[in-house]
Amino acid sequence: MSGNWTFDDAAVYAAAEYGTKRIIGPIDGSFEQGRITLLVGANGAGKSTLLEMMAGLRPLHSGSVALGSSSLWQKGKRRKMRLDRNVLLHTGISLQHSESQWFAPKVSDEFRFSLKPYKLPEAEQEDRMRKAMEATGLPPQLTENDPWTLSGGQQRRLSLACLIACQPQWLLLDEPTSGLDTAGISQLLDVLQAHREAGGGAVISTHDLDVLLPIADEVAVMEDGLLLQAVPAAEWAAVHASDYAAPQALRVLKELRHARFELSQPDTALWPSLSELAGAIASQLAATGHGELREPKLMQKQQTAQGADAGRERQARSVDYDVESPHQSQEADKVNISPQIGAGGLASRFDPRALILSYVLLAAAVLMQGTWPGIGVAVVLTGIALFPLRAQIRPWIKVIRAYSIMIAAIAFIAGIQLKPLGFEWTNAQFTLLRFSGLLVVMLLGLPMLAMVTPLRVQRAIEQTFGWLGRFKVPVSSVALTVTLIFRFIPLLGSEWQRFAAIAHARGKATTQAGSLPVSMLFPVVIPYIRSLLRLAEQLADALEARGIGNPNGKPTRGFKLRFAARDALLMLAALLSASLLFYLNAVL
Amino acid sequence: MERNLLLQLTDVAVRAFTANEQEEPVAILKNIHMRVEQGEWIALIGRNGSGKSTLLKLIAGFQAGEASGFLDWGDALASRSGIKAPIVMQQPEASMVGATPIEDLIIMLEQNGVKGELIAEQAANALARTGMLDRGHQPVGTLSGGQKQRVAIAGCLAVDAPILLMDEPTAMLDPEASIYVHDIVRKLNRSGIAVIWITQKLDELREGDRVIALEQGEIVFDGAAEGFYARSRAMDSVCERLGFEAPYVVQTAWELEKHGVELASLPLTPAALAKAVQRR
């Protein structure tokens, strides 16, 4: 199987604070086989997401993606969407952080894991491993080493080697030049050129145009989640020669032409070789009086509508950038920067103390309920409270479902009687009642994380328990620790997803990216734990950089929490609901 | 000590912590002598693992290993309480502690003992200087990498230090954002703040920058950027010996030399190259 990638109105969405949010799309267009296409655009324009979508790591919200005549997503058993295995086998993706994906004790085992889906004979595997290591400049004796003992540059080479050992038709690479030295970069270029000569195609997301533009066939600009028409590399270079972030060679040509040097455009390359350029300059300097005025030719050359638009917009944005500090700093003291008010949104709407007290009150009332009508009322009240916060609950749906199933199972087991064998409904019901109460309390707590910020929680603890400091209770240390835990929690999930995606792509799993086959757990857990340790180290550095833990420092307070009217209302509502529940419990 | 001196490192060495006592600890830095003066721009260059981050962390006051030698502060820094030399790190993701830019700056200022009533104003001013004030209340998760770096730089400005330490602040950014962050820090440098800037991107060097190159933990070059690229008859430039690819501008200048075109000074930017060729 081979062919071009085609996109038809393909779009990827992700969960957001309110409902879902478009990340990329609708994307129409194609990438042609046997060509190297660069994806360019600002960070956050959706380049990585597009590559992940092509590798099946992002479910499509709408539209379709196909390689050749096969659609990437197929309807499988029970009408669940599954990935087309053949498309996956012909596609190799390298994500950012692919260089820290290692889990096996030996380099050779890493190759075996990558090659496993291809079901090759042992000899062939060995052969491919040897060739891939040679092509990427890894010494053959490294096969027995622990991948984590390799240097940073070698780990990057290894991740590319694992990829090309699979000999996919298509290479999807995310920032492949980052972290590579000069030798590594020239090996990468050789690998890419050999891949193209063998008929393969590549889509490469990159900022490093100085290096990659010369070997590219096409450049496709991504902007705000949309894929603009791909244009030939030479055409792109011509249009963007005067961008301030253009490759340096282009800017050199532009400046020299501006200085009235006559420099011809080479037929095949994007810019003249160094000796051609130096020769041209030298000869023109020698021919005295290079005063003949000529306008630079290249600049007006064919500007495709979209390419030119993209360029113009980018320049417009850069102008926005420049209009900054002077007048803003004058206005600075007029701006209201109190962290309690305004733009902070949900996270700063309520005083954490009011939230926590309300929660404790309600939770106690719910847990007291010993009857089904009581639980029913609790569920209704919880539903009312959570309705405006439903977007915060949505990411937890799977957990809630799993918990509900667990409750049912436990209740069933609790109801089983052995002598005589039978089912005792009262026992089951009692268990069910208790656990349902817990479920309601859990649901109530879920959105709490989104309703506070670490600093506000820290301040709440300090303001409430600060007096304990006099009795040598380390209140501020505790408060700071709580702050950090809050800051760290969201990172736990995002890191897991990062490594799950890498393992998913290497193992060619055909399930949706969210659900990883159990057999692939191991390749995720090890790099995940390592990366968490690294994150923790970075966070510790960030803390030190902010002077936290400085033994001479006497921290001050830049703001204080104040109880506002809406906090009182919140607590009043909680109090009324709790009273109703207490009353019900007494009556029923 | 002279008035211009900010800090001075004398015979500094750092060895990695080892778990095993018999094992000979690996030297991360050795034999480091350097002085930093007010308002300087120092580009710190070296390959991965050459020790440049460790050197910067050492100056920032972090525990980086078993250190020996002397770190002396000049008068301007010795009198400071709290952070002496604030640092901006490469990873924008993990480097912010607060949930919003304003919160992050408040935490930093509180920890540095700035008076409570001054904090709000200082935080806002610092954010304004890096163009981040209007995003002051935006959750960290929704900021781009470049914006996070600008917040981190604002944090350094807020504590009003005469020196900024930058550990590859543009490594994770796209070209536009890199140039923007670089420009901001250049502007701060022109206003008199000394900067030590670690980078792998040699096109970020400018004429007149001081370059310190590290290899295997030792300073192998300390001098003007032009000298970093200087080729002598028998030897490649320091840049080439360290395995870095010189920017296109510098390579063009080298090639011109081969063609018998001598330039008065080595240009480092496209505009300077055009000027240098014309002015001959």
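In the condition set (1) closer than 30 Å to B:ALA276 by Cα; (2) of a type in the set (Asp, Glu); (3) more than 9 Å from chain A (Cβ to nearest Cβ), B:GLU215 is compliant with all but (1). The residues in region B:253-274 that are surrounded by fewer than 17 Cβ atoms within 10 Å (Cβ to Cβ) and polar (S, T, N, Q) can be counted, and the count is 1.
When B:GLY131 is tested against (1) buried (at least 24 other Cβ atoms within 10 Å of the Cβ); (2) at the interface with chain A (Cβ under 10 Å from one of its Cβ atoms); (3) of a type outside the set (Phe, Trp, Tyr), just one condition goes unmet, and that condition is (1).
In this structure, A:THR483 qualifies as under 19 Å from A:PRO352 (Cβ atoms), in a helix (DSSP H, G or I), among the polar types (S, T, N, Q) and within 14 Å of another protein chain (Cβ to nearest Cβ). Total residues in region A:9-42 satisfying the condition of being surrounded by fewer than 19 Cβ atoms within 10 Å (Cβ to Cβ), under 16 Å from the mean Cα position of the chain (by Cα) and not in a strand (DSSP E or B): the figure is 1.
Okay, residues lined up against (1) within 14 Å of another protein chain (Cβ to nearest Cβ); (2) on the phi > 0 side of the Ramachandran plot:
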site	(1), (2)
B:MET34	no, no
B:TRP41	no, no
B:ILE45	yes, no
B:GLY49	yes, yes
B:GLY61	yes, yes
B:GLY69	no, yes
B:ALA76	no, no
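With respect to the conditions (1) within 14 Å of chain B (Cβ to nearest Cβ); (2) surrounded by fewer than 23 Cβ atoms within 10 Å (Cβ to Cβ); (3) under 25 Å from the mean Cα position of the chain (by Cα), A:ASP210 lacks only one, and its number is (3). Within region A:450-463, identify whether any single residue is in contact with a helix residue (DSSP H, G or I) (Cβ under 7 Å, 6 or more places away or on another chain), surrounded by 13 or more Cβ atoms within 10 Å (Cβ to Cβ) and farther than 30 Å from B:GLN111 by Cβ, and answer yes or no. No, region A:450-463 contains no residue that is in contact with a helix residue (DSSP H, G or I) (Cβ under 7 Å, 6 or more places away or on another chain), surrounded by 13 or more Cβ atoms within 10 Å (Cβ to Cβ) and farther than 30 Å from B:GLN111 by Cβ. Where helices (runs of 4 or more DSSP H) fall entirely within region A:352-436, those with at least 3 residues that are in contact with a Leu (Cβ under 9 Å, 6 or more places away or on another chain) and under 28 Å from A:LEU588 (Cα atoms) are at A:352-368, A:372-386, A:397-415. Of everything in region B:65-94 that is in contact with a Lys or Arg (Cβ under 6 Å, 6 or more places away or on another chain) and in a loop (DSSP other than H, G, I, E, B), the residue that is farthest from B:VAL159 (Cα to Cα) is B:GLY65.
Checking each residue in region B:102-116 for being more than 19 Å from A:PHE488 (Cβ to Cβ) and either part of a helix (DSSP H, G or I) or more than 7 Å from chain A (Cβ to nearest Cβ) (or both) picks out B:ILE102, B:LEU105, B:ILE106, B:LEU109, B:GLU110, B:GLY116.
Here B:THR170 clears all of (1) in contact (Cβ under 8 Å) with a residue 60 or more places away in the chain; (2) part of a loop (DSSP other than H, G, I, E, B); (3) surrounded by 23 or more Cβ atoms within 10 Å (Cβ to Cβ) except the condition numbered (1).
Of A:ARG562, A:ARG534, A:ARG470, A:ARG506, all but one fail to be surrounded by 16 or more Cβ atoms within 10 Å (Cβ to Cβ) and not hydrophobic (A, V, I, L, M, F, W, C); the exception is A:ARG506.
Of all residues in region A:136-146, none satisfies being within 26 Å of A:TRP5 (Cα to Cα), buried (at least 19 other Cβ atoms within 10 Å of the Cβ) and among the polar types (S, T, N, Q).
I'd like to check something: does region A:401-410 contain any residue that is among the charged types (D, E, K, R), in the same structural domain as A:VAL440 (by TED's automatic domain parsing), at negative phi and at pLDDT below 85? No, that holds for no residue. The sole residue among A:SER477, A:SER436 that is of a type in the set (Gly, Ala, Ser) and farther than 27 Å from B:ILE107 by Cβ is A:SER436.
In region B:160-206, of all residues being at pLDDT below 90 and within 22 Å of B:SER79 (Cα to Cα), the one that is farthest from the other protein chains (Cβ to nearest Cβ) corresponds to B:ASP160.
The values are calculated or read from the model by the stated rules, or taken from the named source; none is laboratory data. In this text, all values refer to a predicted model and were calculated from it rather than measured experimentally. Counting neighbours? That spans all protein chains shown, and the Cβs are built from the backbone with ideal geometry, glycine included.
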